[in-house]
Amino acid sequence: MSRNPEGIAHAISRAETVAVCSHINPDGDTIGCALAMRLGLLALGKKVSIFCQDKTPDNLSFLPGISEFRKPETCTDSFDLFLAVDVSDPQRLGNVQHLIARSAHTAQIDHHPTNPMYMEVNSVDGQAPAACILIYEQLKALGVPLTREIAMCLYTGISTDTGNFSFSSTNAETFEIMSHLMRTGLPLSEMSRALFRERSRQQLLLLGKVISRLRFEADGKIAVMTLRRKDFEDCGALNEHADTLINFGLETIGTKMAILGREDQDGTIKFSLRAKSPATVDDVAKALGGGGHPQAAGAQLPGPLEDAVATVLAAMKEKLDRQG
Ligand code: 5GP
Ligand code: MN
């Protein structure tokens, strides 16, 4: 597992048409990667399509090129290169996966330590705080000039994946890159308001539901949160509105880990797992068939909600006993 900007640059140099692909339930990092890469490849004269199975989050609607995301279902185009960005495993591509068979070559740029290196060319650094860090480096290797628009996309991924520059993964390189992004005239204040200091009405209503049912287990060391489909319906909310709610459970004094289980449309239960460093949850997620980062991971289990939560809680308690 290592960064390989030269290998990716070589794959790109041989390609005329590129499909840049984001993961399901997209976040700021995978969207920022795809949009920055799109602008960089366009600057190099490539034909670029960007794909994501799911709708992009409303709070990212200001990003340049976000309306260009295509749905994969109806795509009959062929591509010289399929490039996955911030996608920890091929399942996380969802139905974008079928475009792999329509592509001559495949590559990926990612930062998940659990990545199984599933492409022909892999540039993966499990220590990087955001995949957008690797995209910055990649665009530099490709000789693409850094513009304000590219900086906006990269800042989105870097800031959201570092918890606004606060997670333990945040390092000197993060700020060195940020310094370059700032020099392009990055509208930091406006963007950070949209990303971190404002939330939608649906999200606030959903927060009320989740807090009203919040419970603490293991002497307060584990916060457990749940959301049913009915909660989403009552609040007029979409899955994306639940995305950061788990932080409220984790950000409790004495809590070491947090679980958020939410019912998906198809009845499966989508789990978000979080831990305060040095506690970790990626191994728990992996044992449950998921994956992610040491302090932020996820998995999907079959319903019903109570049974799935009991399974995950038991695994978390066992982990807590082992690591103290
Ligand atoms: P979230 O809780 O925000 O959905 O996800 C946290 C992290 O865990 C993300 O980096 C995401 O890539 C990873 N993750 C979430 N769900 C899954 C899953 O089902 N499988 C894998 N491999 N990773 C996941
Ligand atoms: Mn990421």
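The values are calculated or read from the model by the stated rules, or taken from the named source; none is laboratory data. Treat the numbers as computed from the prediction; the structure is a model and nothing was measured. As a convention, Cβ positions derive from the backbone with ideal geometry for all residues, glycine included, and neighbour counts pool all protein chains shown. Remember, those area values only see protein heavy atoms, side chains included, never the ligands or the DNA or RNA. Shrake-Rupley method; radii C 1.70, N 1.55, O 1.52, S 1.80 Å.
Listing for the model above:
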{"quantity": "Mean projected area (nm²) of the alpha-carbon convex hull when the chain is viewed from all directions", "calculated": "15.7 nm²"}
{"quantity": "Residue-averaged 222 nm ellipticity for the chain, from DSSP H runs of 4+ at -39500 (n - 2.57), nearest 500", "calculated": "-10500 deg cm²/dmol"}
{"quantity": "Three principal axis lengths of region 201-323 [C-alpha, angstrom, descending]", "calculated": "40, 30, 22"}
{"quantity": "Centre separation in Å (Cα based) which lies between region 259-282 and region 63-142", "calculated": "23 Å"}
{"quantity": "Within straight-line cross-link reach of K71, lysines at Cα separation under 24 Å, skipping those fewer than 8 residues along the same chain", "calculated": "K46, K47, K55, K270"}
{"quantity": "Pairwise label distance in nanometres, H180 with E73, each label 7 Å out on the Cα-Cβ vector", "calculated": "4.0 nm"}
{"quantity": "Cut-off 12 Å, label 7 Å out along Cα→Cβ of D234, residues of region 192-209 by amide N", "calculated": "205-209"}
{"quantity": "For the chain, accessible area per residue (1.4 Å probe, heavy atoms of protein chains only), Å²", "calculated": "43 Å²"}
{"quantity": "Net dipole in debye of the chain [+1 Lys, Arg Cβ; -1 Asp, Glu Cβ; about Cα centre; nearest 20]", "calculated": "420 debye"}
{"quantity": "Region 77-147: relative contact order in percent, alpha carbon pairs under 8 Å with at least 6 residues between", "calculated": "28 percent"}
{"quantity": "Per-residue SASA entry for T160, accessible area with 1.4 Å probe, Å² rounded to 10", "calculated": "40 Å²"}
{"quantity": "Charge-dipole axis of region 201-323 as Lys and Arg at +1 and Asp and Glu at -1 on Cβ define it, positive-most pick from Q265, A279, L205", "calculated": "A279"}
{"quantity": "Over the chain, relative contact order from alpha-carbon pairs under 8 Å, at least 6 apart, %", "calculated": "13 percent"}
{"quantity": "Region 5-197, accessible surface, carbon-and-sulfur percent (1.4 angstrom probe)", "calculated": "51 percent"}
{"quantity": "Computed over region 5-197, Cα set: Rg, Dmax in Å", "calculated": "15.2, 44"}
